[in-house]
Amino acid sequence: MDLILLLLTEQQSQQTTANVEKTTSEHRFVFDTQKFPKVFRDILTTIDVIQALTDRKKQTPFPETFILQVNESQNQNLRLTRDDIEKLKNHFDGTADQQLMNFMNKELFANNSINDFLQRLPEELVPNATFYKNYSSLSNIPATDIRTRVKLLYQCGTLVEKVVPVLDFSLSQKQSMLLDRIKTAKTYLSYPTKFRWLQETLSKTDTEYSGSMPQVQFDTVKASATSNKQENTMFSQAFEQLHENAQTTFRRRCDHLWTAQYIGMHSTDGGGPYRDSITHICSNICSTRLPLFILCPNGRTNSGLNRDRWIPNVFPPNKPISNRLKNQYRFVGQLMGIAIRNKHYMNFNFPQLLWKQLVGDKVTMEDIEAIDMHSFTVINEMEQNMKQNRSIDNDTDIDYLFSSIMNELRFDIVSSASQTYELVPGGSEIPITANNFREYCTHYREYRLNEFSQQIEFIRQGLYSVVPGYYLNLFTASELEESVCGKGEIDIEILKQNTHYDGSLNENSPHIQRFWNVLSEMFNEEQKKQFLIFAWGRSTLPVRDEDFTTKFGINEYDLSSGEVDQALPRSHTCFFTIDLPEYSTTEIMYERLNYAITNCSSIDGDGNMNEIPEQMHVDSDSDD
């Protein structure tokens, strides 16, 4: 198939040259594509559509076969003409298209049909900045043109969906020119469609539940010790007991995959300790207690963006990573697989470059600068100085530049972990000169772009051992991150929609309204995460309503009138419920909730919250 595509591309190139008539018939073979099977013609049309969509110069026309299809669509609401499509060129670039796809994904993922979605869109001939206030690139585009672009992108996605079943997406990058072309348009494929394909592969690769559930013994005394011994961490304890069979255990479809036994606490794991153990495991991963990840350079220097992101630790180049570390990186990927399969999202603060490599995307210099703003500063400035000096033919200044300013520099590099490594064998003894500076820049950039490749590859192997990579390659980096970590922000509205109330309580009860006001208006993102840990033992929410296998519950809390404002709320993490006192004011509601989530987030032997002070009059809890 790749060979035919290559020959067709060559044929099209010959047909567009001015000397096509001079090309003799014996030197070129002309394909009659109408004799190809329909599915192959659809593939060729798809490739041409992708070329038109991704052409930044907007010089590639949409193929006539596609125009005929969309003009004769059975759904009259989706019909388009070539003139309709041509009018869009002046308004849409890659950024506007990406924002529009984000908007479409959000609406269509909420189970809205395309017809219902189109009916909701404004139709003015002028921009509607109010409707598109959250999408800056769309707020200046005429509303009617956005509607037309929605139709176009939906039709393009439908075309790709037709050909996906006959393609082999298990092939990696550069193994198939055809697949690489299709993957360049992954941002134009709707997330609901990709999600459905992924769910189908997950269902086919579930493992049957047989035998007893693995029991994982956690020594929380050692885990919480001040020593930095990595073997004491919750991650290391889980790794030692789970990693050998993780590729099968983690593919089971059940609420929790192991029973967490906290040594000395005698707790019965109905789900709360399990979720709590995952929260602690994730917190170990993005910490200095393990040698797997380090805070990115921007975080260590407190400058630039992404200061809270953790990057894979850096090891000497051209030296093998130990088998134990390889397996631990794979275990991190297998934990990601749990999140995707069971919607138990993980709180990983990884940068975009890690997620990009996991879905087979190329890491760019911009990705590196996003976690290390000074990564290319020196060589960029040097290249600029050399360019300016050469433009005035001043070789003397160039020689002075290297002899005086760069005479201390050698063919080595300071890594993202602040260690110095040679870029070539013996590089520490090779000075940088005007003659080898370009070679130095090439090695420098190559190192930076591949500094974490080996470590991320082990994570990818672990992830793909739990979740088939067949369709993950069609996900964008952001989509994979959301599938693993949930939404970056806690969506209080979706939590509210998936809440049930006990007894006489309802959403209009005065203290219930105060509760939601505190969560949505007064808590910051960190407090919202802490509340989820307090109530559920996890720090993220599912993305969709149907992914809430357990609804959040608010129970009545019977207290005498004089005790209500002094009491703390009580959580039942196994059941994702809280007992909420009827606090008399919003301010007291905030103070008591904030105290509870800050000081009472660990589970003791009976499921009680530790370290609750006497004066707060909190009842004991024994059902976790």
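Data overview
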item: Partners for LYS57 among lysines (Cα-Cα distance below 26 Å; same-chain residues under 8 apart left out); result: LYS87, LYS89, LYS151, LYS174, LYS183, LYS186, LYS356, LYS362
item: Kyte-Doolittle mean at least -1.0 and Cα axial length at least 15 Å: DSSP H helices in the chain; result: 2-15, 38-54, 94-108, 143-163, 272-285, 323-342, 453-466, 525-536, 586-599
item: Top positive-direction residue, dipole computed over the chain with Cβ charges, set THR81, LEU580, VAL414; result: THR81
item: Structure-based [θ]222 nm, the chain - -39500 (n - 2.57) summed over DSSP H runs of at least 4, per residue, nearest 500; result: -13000 deg cm²/dmol
item: Rg/Rh (Cα only; Kirkwood hydrodynamic radius) as it applies to the stretch 508-575; result: 0.98
item: Extension reserve of the THR205-MET373 stretch, reckoned as 0.36 nm per residue once the Cα distance is removed; result: 56.3 nm
item: Mean separation of Cα contacts under 8 Å, 6 or more apart, over the residue count of the chain: relative contact order %; result: 12
item: Debye, to nearest 20: dipole size of the stretch 492-616, +1 on Lys, Arg Cβ, -1 on Asp, Glu Cβ; result: 340
item: At R0 = 45 Å, FRET efficiency that the Cβ-Cβ distance of VAL164 and ASN599 yields, to 0.05; result: 0.30
item: The stretch 490-527 and the stretch 317-362: distance between their alpha carbon centers, rounded to Å; result: 34
item: Theoretical FRET efficiency, 1/(1+(r/R0)^6), r = Cβ-Cβ of GLU244 and VAL221, R0 35 Å, to 0.05; result: 0.85
item: Radius of gyration, Dmax [the stretch 492-616; alpha carbons; angstrom]; result: 13.7, 41
item: Percentage of interatomic Cα-Cα distances in the stretch 40-189 larger than 21 Å; result: 45
item: Two-site FRET efficiency, THR184 against SER561, from Cβ-Cβ distance with R₀ of 60 Å, rounded to 0.05; result: 0.35
item: Size of electric dipole in the chain: Cβ of Lys, Arg +1 and of Asp, Glu -1, about Cα centre, debye, nearest 20; result: 1980
item: Correct option for mean projected area of the Cα convex hull in nm² [calculated from the coordinates] among (i) 37.4; (ii) 59.6; (iii) 39.6; result: (i)
item: Where labels lie 7 Å past Cα in the beta-carbon direction, separation of GLN497 and THR65 in nm; result: 4.0
item: Residues SER170, SER539, sorted so that the one with the fewest Cβ neighbours within 10 Å comes first; result: SER170, SER539
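No value in this document is a laboratory result; all are computed from the given coordinates. Since this is a predicted model, take the numbers as computed values, not measurements. As a convention, Cβ positions derive from the backbone with ideal geometry for all residues, glycine included, and neighbour counts pool all protein chains shown.
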